[in-house]
Every structure is written in C-alpha cells, then in structure tokens.
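Participant: Next up is a structure, given as structure tokens.
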Amino acid sequence: MPYIRTTTNVSVSDDAASRIREQLGDAIQLIPGKSERWLMLAMEGDKKMYFAGSDEPLAMAEVSLFGSADGNCYNKLTGKITEILSDVLSIPANRIYVRYSETEYWGWNGENF
C-alpha cells in the first residue's frame, strides 16, 4: 500500500511519466513486502517551486507507506528515486527531496487493512 507523490517545477511529458511509473514500480520492491501491485503514484509537473531561493529544476517525492520499514531500505529507495528523477527529468540529485510517512491505518475498498 505505498503511495508516491512526486511534485516538480519541470514539465512531465506522458513519456516521462510512463518511464517514471515503470521504474518506481520496480524500485518499490526495495521495501520488503511492497510491490507495484499496490503502488499508487501521482505526478505533478510545472509547479511553482523554489529550493534554496532558486527555481532551477527540483522535485519533492513523498512516500507514504502502510506499516514501516528498516532505515536501510528507505536509504536504498531514496537513492533509487533520486536516480530515476535525475535521469528522466534531468533534475540534479542535490535538488531532490524524498520524505517518508508511515501509517498503521490504511483504507481500501471500504475497509482498513
């Protein structure tokens, strides 16, 4: 039940969104027990965003997760998300933030897991 929301100030073409979707679908497996089968993604491009006072290309990836994972797994996923966004959207790694949220309650299909 992971959800990854990526917000950026660069344009995200349909091709780029598709490439990101595919690669994040593989990357989520770095978290034990998680797979693309339950992965929900949102991609928002062309947003007014600033980092360190500059509007040069940047991105914020927010990863929400049902349950929890080991910090080492998060570290690996951060590296992969950064690599994907840097490669596909040409955003420098030092202008990408990744934030994690864990929750013990997650609803789906009218019920909670």
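The values are calculated or read from the model by the stated rules, or taken from the named source; none is laboratory data. These figures come from a predicted structure and were not determined experimentally. Ideal geometry is used to build each Cβ from the backbone, glycine not excepted, and the neighbour counts take in all protein chains shown. We work out accessible area using only protein heavy atoms, side chains counted, and drop any ligands, DNA or RNA first. Shrake-Rupley method; radii C 1.70, N 1.55, O 1.52, S 1.80 Å.
Participant: Of (1) more than 12 Å from Y100 (Cβ to Cβ); (2) small (G, A, S); (3) modelled with pLDDT under 95, S68 satisfies all except one. Which?
Facilitator: (1)
Participant: Restricting attention to the range 47-65, which residues are within 18 Å of S86 (Cβ to Cβ) and not in a loop (DSSP other than H, G, I, E, B)?
Facilitator: F51, S54, A59, M60, A61, E62, V63
Participant: Could you figure out which of (1) surrounded by 15 or more Cβ atoms within 10 Å (Cβ to Cβ); (2) out of contact with any helix residue (DSSP H, G or I) (no Cβ under 9 Å at 6 or more places or on another chain) isn't true of M1?
Facilitator: (2)
Participant: Report, by residue number, each residue of the range 70-113 that is of a type in the set (A, V, I, L, M, F, W, C) and either surrounded by fewer than 10 Cβ atoms within 10 Å (Cβ to Cβ) or assigned to a loop (DSSP other than H, G, I, E, B) (or both).
Facilitator: Within the range 70-113, I91, W106, F113 meet the criteria.
Participant: Okay, next question. Pairs, please: C-beta under 9 Å, at least 6 apart or cross-chain, first residue under 10 Å from M43 (Cα atoms) and assigned to a helix (DSSP H, G or I) and in the range 12-24, second of a type in the set (S, T, Y) and open to solvent by less than 90 Å² (accessible area, probe 1.4 Å)?
Facilitator: I20/T6
Participant: Against the condition in contact with a strand residue (DSSP E or B) (Cβ under 6 Å, 6 or more places away or on another chain) and in a helix (DSSP H, G or I), how does L41 come out, does it pass?
Facilitator: No; evaluated as a whole, the condition is false for this residue.
Participant: Can you tell me which residue is farthest from L89 (Cα to Cα) among those in the range 34-56 that are touching a Pro at 6+ places or on another chain (Cβ under 8 Å) and open to solvent by less than 50 Å² (accessible area, probe 1.4 Å)?
Facilitator: That would be K34.
Participant: Ok, one more. Could you tell me which of the residues I96, I81, I91 is more than 11 Å from the chain's Cα centre (by Cα) and among the β-branched types (V, I, T)?
Facilitator: I91
Participant: Next question, about the same structure. Which condition number in (1) open to solvent by 40 Å² or more (accessible area, probe 1.4 Å); (2) without any contact (Cβ under 8 Å) to a residue 60 or more places away in the chain is the one that I31 fails?
Facilitator: (1)
Participant: Out of all the residues in the range 38-56, is one or more of a type in the set (S, T, N, Q) and touching a Phe, Trp or Tyr at 6+ places or on another chain (Cβ under 7 Å)?
Facilitator: Within the range 38-56, not a single residue is of a type in the set (S, T, N, Q) and touching a Phe, Trp or Tyr at 6+ places or on another chain (Cβ under 7 Å).
Participant: If you don't mind, there's one more thing I want to ask. Need the failing condition index for E36 against (1) farther than 29 Å from D15 by Cβ; (2) touching a Gly at 6+ places or on another chain (Cβ under 6 Å), just the number.
Facilitator: Against the list (1) farther than 29 Å from D15 by Cβ; (2) touching a Gly at 6+ places or on another chain (Cβ under 6 Å), E36 comes up short only on (1).
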